[in-house]
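Heads up: the structure comes next, in structure tokens.
The values are calculated or read from the model by the stated rules, or taken from the named source; none is laboratory data. Bear in mind that the values here come from a model prediction, so they are computed numbers and not experimental data. Cβ placement follows ideal geometry from the backbone for every residue including glycine, while neighbour counts extend to all protein chains displayed. For the accessible areas, the whole protein counts, side chains as well, though only heavy atoms, and no ligand, DNA or RNA atoms are used. Shrake-Rupley method; radii C 1.70, N 1.55, O 1.52, S 1.80 Å.
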Amino acid sequence: MNEDAAEPYTERARCWRGRGIDFIPLETEDAEMVQHWRSDPVAAHETGVWPGSLYALRERIERHLDDDTRDDFLVLLPDGTPIGLVALHDQQLAEGTAEAVLMLAPEHRGNGYGVAALDALVDLAFGELPLHRVEAFTHTDNAAALSVLAAAGFVREGVRRSSCLHRGRRYDNAVLSLIRQEWDALERPRSWEL
């Protein structure tokens, strides 16, 4: 990424950090970049989400800004380069539950950023929010995502059979979760210690 393209991200205030990454809140102006990431065939297959129109994505991000049951963040490198998106969706504070979502730009996969982003996200969920359980879903054949989730402490607890349709084929989704006691037992620095 050229220096001019990184400027808007270096100027926006970081709100959370992890090992070698920072979070900034997702804004409507980020839609084109997120659309590009979502249009990657691997990401589209692994998330089971058709990219749709840029207009629709902008509208969705705008609606999400007013939704107090979710927190969406861009993941940045220290130099301000945006490398992905991480979120806590469907936060049910009374129940203490939420869903973790992660998507990295294709060129930044396989470098440990996914684990760092999930670690930081669950530190936010359990260290700052009154959550007890964070869950995640991915195709049962998505070895990369399953590996990242396991490295971040998530435990595979079941399968939602034939729960996703993509390219004319049904896929099973693995159900994984991390609960507060498991997070407490993780032996790693927390985000606020970095």
Rank these by accessible area, largest first, 1.4 Å probe: TRP37, TRP192.
TRP192, TRP37
Can you check what the Kirkwood hydrodynamic radius comes to for the chain, Cα pairs only, in Å to one decimal?
17.1
Given segment 32-92, what whole percent of its Cα pairs are spread farther than 14 Å?
64
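At 1.4 Å probe radius, can you tell me the per residue accessible area of the chain in Å²? Mind dumping the intermediate values first?
Numbers: 9960 Å² over 194 residues.
Per-residue value: 51 Å².
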For a quick check of understanding: with a 1.4 angstrom probe and all protein chains in place, what accessible area in square angstrom does GLU107 have, to the nearest ten?
120
Pop the C-beta distance of VAL42 and ALA94 into the FRET formula with R0 = 35 Å and round what comes out to the nearest 0.05.
0.45
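Please tell me the relative contact order of segment 1-146 in percent, rounded to the nearest whole number, where contacts are Cα pairs under 8 Å and at least six residues apart.
Details: 217 pairs, mean separation 34.6, N = 146.
Across segment 1-146, relative contact order equals 24 percent.
On the accessible surface of the chain, probed at 1.4 Å, how many percent belong to carbon and sulfur atoms? Write down the numbers at each step before the final one.
Numbers: 4930 of 9960 Å².
The computed percentage sits at 50.
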